[in-house]
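Participant: Below is the structure I would like to discuss, written out as structure tokens.
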Amino acid sequence: MIEARVSAVITAYNCEAYIADAIQSVLNQSRAVDEIVVVDDGSTDGTRRVVADFYDQGIKFIQQQNRGAGAARNRGIRETSAEYIAFLDADDIWLEDKTRLQLEYLTTHPNAALVSGYARWWNVISDKVYIRGESLRGMQFLRRELLVRNVLGNPSMVMVRRSALESAGLFSESIRWGQDWELWQRLVQHYEAGMVPEPVTIYRWHQDNLSQVRKWERILSYWHVSRVAILSSKPVWLRPLLFARSWSNFTYRRAMYAIQFGFPRWRHLWYALAALLVYPFEMTREKLSAVVRAMTGDEMYRNTKQAIRSRFQVGGPE
């Protein structure tokens, strides 16, 4: 029996401060990958210089003009040959058993096109870490939830079967934000997908993340991905409910971004109220908090919240 092969595709854009850790995390896998390709999507910093330090460990480096994350991943897919492909954004890190766990899943589930896992979200600024991920309750649940939210996570969390990509197509290069989510939607239309119920990736949140800049544009692109998928979903009678859930979710995010961007309070209140009223059955507490925050003002909300916490905080021994 021929042993399965795994390709690692690392995509980078101005990540000289992070890419060495990313590459090292791939090299440190308990089940080694069979080839590693780094695609530099038009970086203007020292990314290439950092990657050069790893050339003697079999790293293949490709540099292209800036065309976006989807195009960079597609280039990496075309430059590799293994049946299984695992992606890594250059500012993320794989945990050492990612390849082993996900390869085991795909080789024992031949109908699965991809497998994801949980992620440790690390806020580099505050140095706080929390786990993000959820169990999948069957394919019917997954196919429906993927219309509203990306429950499979970002590419750094996923391993994909090449044959499934050849059938469903690669990442859409016309979608700037959410092209991974759109691809997962296409894959699960014809294949199954799975989840390793433990962390496989560290997502490093920092102020220079591509996903953290141009936030307003990003949220509109995500809403577009969800809307297009819902419009083609069946049964037709379920679409209004899915639209309500999706629109409420993204409008809540708009409310939170309105605070961050310093928009007028009335605009924050409008988004918060709309999110709550359109679909109050999910994230109810968060949406109510957004309404209260808009009505009282951000500073008063924070001060009151801190005062309540201080009042009920359990003191240590004197």
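Participant: Take segment 43-86 and flag every residue that is assigned to a strand (DSSP E or B) and within 19 Å of the chain's Cα centre (by Cα).
Facilitator: The answer is I85, A86.
Participant: It is to be established whether one or more residues within segment 240-258 are open to solvent by 50 Å² or more (accessible area, probe 1.4 Å) and within 15 Å of the chain's Cα centre (by Cα). Quick ask: steps written out before the conclusion?
Facilitator: Taking segment 240-258 first, the residues open to solvent by 50 Å² or more (accessible area, probe 1.4 Å) are 240-241, 243, 247, 253, 256.
Right, trim to within 15 Å of the chain's Cα centre (by Cα) and you get none.
So far as segment 240-258 goes, no, none of its residues is open to solvent by 50 Å² or more (accessible area, probe 1.4 Å) and within 15 Å of the chain's Cα centre (by Cα).
Participant: Now a separate question. Considering only residues of segment 268-297 that are more than 16 Å from W247 (Cα to Cα) and either in a loop (DSSP other than H, G, I, E, B) or among the charged types (D, E, K, R) (or both), which is farthest from the chain's Cα centre (by Cα)?
Facilitator: So, considering only residues that are more than 16 Å from W247 (Cα to Cα) and either in a loop (DSSP other than H, G, I, E, B) or among the charged types (D, E, K, R) (or both), the one farthest from the chain's Cα centre (by Cα) is G297.
Participant: I'm trying to understand the selection: among the residues of segment 5-55, which are under 25 Å from L106 (Cα atoms) and open to solvent by 30 Å² or more (accessible area, probe 1.4 Å)?
Facilitator: R5, Q24, L27, N28, S30, R31, A32, D34, E35
Participant: Of the residues R132, R143, only one is in contact with a Phe, Trp or Tyr (Cβ under 9 Å, 6 or more places away or on another chain) and open to solvent by 30 Å² or more (accessible area, probe 1.4 Å); which?
Facilitator: None of the other options fit; the residue is R132.
Participant: Out of all the residues in segment 90-110, which are in contact with a Ser or Thr (Cβ under 8 Å, 6 or more places away or on another chain), among the aliphatic types (A, V, I, L, M) and either farther than 24 Å from E182 by Cα or assigned to a helix (DSSP H, G or I) (or both)?
Facilitator: Residue satisfying the conditions is L95 alone.
Participant: Need at least 1 residues that are farther than 27 Å from V278 by Cα and modelled with pLDDT of 95 or more per element, so show me which strands (runs of 3 or more DSSP E) inside segment 126-243 make the cut, counting only ones lying wholly within it.
Facilitator: Strands (runs of 3 or more DSSP E) meeting the threshold: 159-161, 192-205.
Table: residues versus (1) more than 18 Å from N154 (Cα to Cα); (2) not aliphatic (A, V, I, L, M).
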{"position": "W216", "(1), (2)": "yes, yes"}
{"position": "Y222", "(1), (2)": "no, yes"}
{"position": "S233", "(1), (2)": "yes, yes"}
{"position": "Q260", "(1), (2)": "yes, yes"}
{"position": "A274", "(1), (2)": "yes, no"}
{"position": "S289", "(1), (2)": "yes, yes"}
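Participant: Among the residues in segment 26-33, are any modelled with pLDDT under 95, assigned to a loop (DSSP other than H, G, I, E, B) and farther than 27 Å from E173 by Cα?
Facilitator: no
Participant: Scan A113, A119 and give me the residue that is open to solvent by less than 50 Å² (accessible area, probe 1.4 Å), part of a strand (DSSP E or B), over 29 Å from V51 (Cβ atoms) and touching a Lys or Arg at 6+ places or on another chain (Cβ under 8 Å).
Facilitator: A113 is the lone residue from the list that is open to solvent by less than 50 Å² (accessible area, probe 1.4 Å), part of a strand (DSSP E or B), over 29 Å from V51 (Cβ atoms) and touching a Lys or Arg at 6+ places or on another chain (Cβ under 8 Å).
The values are calculated or read from the model by the stated rules, or taken from the named source; none is laboratory data. Since the structure is predicted, the reported quantities are computational estimates derived from the model, not experimental observations. Note: ideal-geometry Cβ built from the backbone for every residue, glycine included; neighbour counts use all protein chains shown. Surface areas here come from the heavy atoms of the whole protein model, side chains and all, with no ligands, DNA or RNA. Shrake-Rupley method; radii C 1.70, N 1.55, O 1.52, S 1.80 Å.
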